Amino acid sequence: MNRVICALTLSLFAAGVMTTGDDTPGASSRDEVPFFAARHRMVETQLKERGIAEVRVLAAMLKVPRHEFVPEEERDEAYEDRPLPIGEGQTISQPYIVAFMTEKLELGPEEKVLEIGTGSGYQTAILSELAREVYTIEIVRDLADRSAETLTRLGYDNLHARHGDGYEGWQEQAPFDCIIVTCAPTQIPKRLVHQLKEGGRLVIPVGEGYQQTLYLVAKEKGEAVEKAMLPVLFVPMTGEAVK
């Protein structure tokens, strides 16, 4: 019986039936079979084999069409294990880093998360699959407009986006259960820590040039408790962060 089920599953996949469904944000019947197959390989080889184990994170990474968030000329490379340019001197992070950072947030389905650096909107979409509400800020106007259009087109409706300086956070919507930063300041912004709930979690790259470290920051008794995780390379945070 198991062999029959397995054979049927493979047949459906080959026929293009096993997409994530028309009623699923981030996917539709237009989600071409080659892209779904590439996304499946990405999850199996780039994420699971490197230790990403949280079921909800893996499901989100399998569901969200990364190729929709990169320029047309980069779509054939959308599921490769590397960052890709998205214009304005910015990049979309490699899938493993997106999954790693997201997993460290330990997002619950009823939580509210703040993202600093919307970029292409891909990380935003992943967060949207996992959290009740997502607030996201992008300092580059063209990227803010483009990502908002993409996210709206793909049906994500539990997020709030604005153009602005992420160094300031989003005070009027604080506190947040989690905050994720996708650009590197030279130090952890105190304003972001202040906007975390007690017990909240912040994932952020910190440093200059090639000397950057990804930190997990927990807020305990009003103070930031920092844990260094791994070396990374992100674009620098701009705006107030560099003044």
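Please pick out the residue among LYS197, LYS227 that is basic (Lys, Arg), touching a Pro at 6+ places or on another chain (Cβ under 8 Å), outside any helix (DSSP H, G or I) and in contact (Cβ under 8 Å) with a residue 12 or more places away in the chain. Explain how you work it out, then say what you get.
Values: LYS227 fails: touching a Pro at 6+ places or on another chain (Cβ under 8 Å).
After ruling out the rest, the residue left standing is LYS197.
Report yes if GLN94 is of a type in the set (S, T, N, Q), modelled with pLDDT under 95 and closer than 24 Å to LEU230 by Cβ, otherwise no.
Spelling it out, it is not the case that GLN94 is of a type in the set (S, T, N, Q), modelled with pLDDT under 95 and closer than 24 Å to LEU230 by Cβ.
Among the candidates TYR156, TYR122, which residue alone is of a type in the set (Ser, Thr, Tyr) and closer than 22 Å to LYS48 by Cβ?
TYR122
Hey, among HIS40, HIS67, which residue is of a type outside the set (A, V, I, L, M, F, W, C), assigned to a helix (DSSP H, G or I), touching a Phe, Trp or Tyr at 6+ places or on another chain (Cβ under 6 Å) and more than 27 Å from GLY200 (Cβ to Cβ)?
The match here is HIS67.
Within region 205-214, identify whether any single residue is modelled with pLDDT under 95, of a type in the set (S, T, N, Q) and closer than 21 Å to VAL98 by Cα, and answer yes or no.
Within region 205-214, the first condition is being modelled with pLDDT under 95, and the residues that meet it are 208-211.
Retained after the next criterion (residues that are of a type in the set (S, T, N, Q)): 211.
From what is left, the residues that are closer than 21 Å to VAL98 by Cα are 211.
Within region 205-214 (the criterion being modelled with pLDDT under 95, of a type in the set (S, T, N, Q) and closer than 21 Å to VAL98 by Cα), the answer is yes, since at least one residue qualifies.
Being part of a loop (DSSP other than H, G, I, E, B) and small (Gly, Ala, Ser) is the filter here, so list the residues in region 159-181 that pass it.
GLY164, GLY169, ALA174
Considering only region 91-106, how many residues are surrounded by 23 or more Cβ atoms within 10 Å (Cβ to Cβ), assigned to a helix (DSSP H, G or I) and in contact (Cβ under 8 Å) with a residue 40 or more places away in the chain?
Number satisfying all stated conditions: 5.
Given the options THR118, THR24, THR20, THR45, name the one that is at pLDDT 95 or above, β-branched (Val, Ile, Thr) and in a loop (DSSP other than H, G, I, E, B).
The conditions single out THR118.
Could you grab me the full set of residues in region 144-187 that are among the aliphatic types (A, V, I, L, M) and either free of Cβ contacts under 8 Å to residues at least 60 places away in the same chain or closer than 22 Å to GLU198 by Cβ (or both)? Walk me through it before giving the result.
Looking only at region 144-187, we keep the residues that are among the aliphatic types (A, V, I, L, M), and these are 144, 148, 151, 154, 159, 161, 174, 179-181, 184.
The answer is ALA144, ALA148, LEU151, LEU159, ALA161, ALA174, ILE179, ILE180, VAL181, ALA184.
The values are calculated or read from the model by the stated rules, or taken from the named source; none is laboratory data. Everything numeric in this text was worked out from a predicted model, so none of it was measured. Note that we place each Cβ from the backbone using ideal geometry, even for glycine, and neighbour counts take in every protein chain shown.
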